[in-house]
1. Count, please, the residues in region 179-199 that happen to be surrounded by fewer than 18 Cβ atoms within 10 Å (Cβ to Cβ) and touching a helix residue (DSSP H, G or I) at 6+ places or on another chain (Cβ under 6 Å).
2. If I go through region 260-287 residue by residue, how many of them are out of contact with any helix residue (DSSP H, G or I) (no Cβ under 9 Å at 6 or more places or on another chain) and either of a type in the set (A, V, I, L, M, F, W, C) or farther than 15 Å from L45 by Cα (or both)?
3. If M213 satisfies all but one of (1) in a helix (DSSP H, G or I); (2) more than 27 Å from A177 (Cβ to Cβ); (3) among the hydrophobic types (A, V, I, L, M, F, W, C), what's the number of the condition it fails?
4. With the condition kept exactly as written, say whether any residue in region 94-105 is touching a strand residue (DSSP E or B) at 6+ places or on another chain (Cβ under 9 Å) and among the hydrophobic types (A, V, I, L, M, F, W, C).
5. Taking A167, is it among the small types (G, A, S), within 26 Å of H230 (Cβ to Cβ) and out of contact with any Asp or Glu (no Cβ under 8 Å at 6 or more places or on another chain)?
6. For V201, which of the numbered conditions (1) without any contact (Cβ under 8 Å) to a residue 60 or more places away in the chain; (2) touching a Cys at 6+ places or on another chain (Cβ under 9 Å) fails to hold?
7. Filter region 42-97 down to residues that are assigned to a loop (DSSP other than H, G, I, E, B), under 17 Å from T109 (Cα atoms) and in contact with a Ser or Thr (Cβ under 9 Å, 6 or more places away or on another chain), then give me how many there are.
8. So, restricting to helices (runs of 4 or more DSSP H) that lie completely within region 104-196, which ones have at least 2 residues that are among the β-branched types (V, I, T) and at pLDDT 95 or above?
Amino acid sequence: MTRMAICFTIGVSVALLGTVFPAAGKEGAETPESTALLSSASLLLGAHRCGRGEWPENTLVAVREASCRWPDIVLEVDVQLTSDGHVVLMHDFGVDRTTNGSGYVGGMTLEAIRALDGAYHFSTDGGKTFPYRGTGVTVPTLDEAFAAAPNHRFFIEMKDGAQIGRATAEAIQRAGAEARCLVASVSPLFLEEFRAVAPDVATVYDFISAADMLAALRGGDAWNAYKPAHRVLALSHTLRKRFEITPKELDSIREKGILVSMFTLNTREDILKALDLGVDNILTDKPSLLADLLEEEDAKTSPAGDGTAEDRQS
């Protein structure tokens, strides 16, 4: 696949943005609708924790800033469950690193978490300044994130919490966001719980299902009969090397309709390597860098005057 083929196209309409994460069913089968709509908009531009290198991670500030700049950006968020059953955006099990509070998310009520400064420790200059401290940035719920970016795609990683799978599924359903969400977890149990409630939402391979998939891939005829268990395989350069996944194998994986996401790529070199591999999605802490590189790559292959690079700035 050429870089031009994988470079993203802007999906401004709700119809485009709302249908690009088709899900494999419980038995790995796809619906006709999901197959037809798979290529409606590119997934390449992804903001890890909504762009934690540019704005306070997992906050509405980051959601709004990223979504306003790029109509086609995929917003990656981490979610956990509060003690009173609310799904909130938070990467760490504890609130200490990002807020002015301390303690575990699962041991706090939503009211207690809302009282914290969600951008207290955010700095882009090594701690010399804290531009968002004291400005009213709070820890948001997943419902609030959906409301802040109603037309954008979300890559949601479930971190922790009893019933986190069910609660996440119900939040997605409340927002009517089933077709614009991709859900991941390192826990197969969380994914199983999630899919029991929302079987049509796209999900990401966990370590166990990924190992099964790789075994089939390297098992000769077994690959011909293999039915994808999930829609996306998420890899880092380190994981790809550790499991010795070759570019040819990545092509075979993608030929099965499995999208390949790579994370967390924050340098020009790593991003260009991923583009050369033909991946479908890149998650970065620096979405401005990734957007610029995608524009540069597109300019190399696009006919002069087609307006593509200019359109990306809209």
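The values are calculated or read from the model by the stated rules, or taken from the named source; none is laboratory data. Predicted model, so just to flag it, every value in this text is computed and none were measured. Cβ placement follows ideal geometry from the backbone for every residue including glycine, while neighbour counts extend to all protein chains displayed.
1. Going through region 179-199 one residue at a time, the tally reaches 2.
2. Summing the residues that are out of contact with any helix residue (DSSP H, G or I) (no Cβ under 9 Å at 6 or more places or on another chain) and either of a type in the set (A, V, I, L, M, F, W, C) or farther than 15 Å from L45 by Cα (or both) in region 260-287 gives 1.
3. (2)
4. Yes, region 94-105 contains a residue that is touching a strand residue (DSSP E or B) at 6+ places or on another chain (Cβ under 9 Å) and among the hydrophobic types (A, V, I, L, M, F, W, C).
5. On the way: among the small types (G, A, S): yes; within 26 Å of H230 (Cβ to Cβ): yes; out of contact with any Asp or Glu (no Cβ under 8 Å at 6 or more places or on another chain): yes.
Criteria met by A167.
6. Unmet condition: (1).
7. Restricting attention to region 42-97, the residues satisfying the condition of being assigned to a loop (DSSP other than H, G, I, E, B) are 42-44, 51-59, 70-73, 82-86, 90-93, 95-97.
With under 17 Å from T109 (Cα atoms) added as a condition, the list becomes 82-86, 90-93, 95-96.
Then drop every residue that is not in contact with a Ser or Thr (Cβ under 9 Å, 6 or more places away or on another chain), which leaves 82-84, 86, 90-92, 95-96.
Count: 9.
8. Numbers: elements: 110-114, 142-148, 164-174.
The qualifying helices (runs of 4 or more DSSP H) are 164-174.
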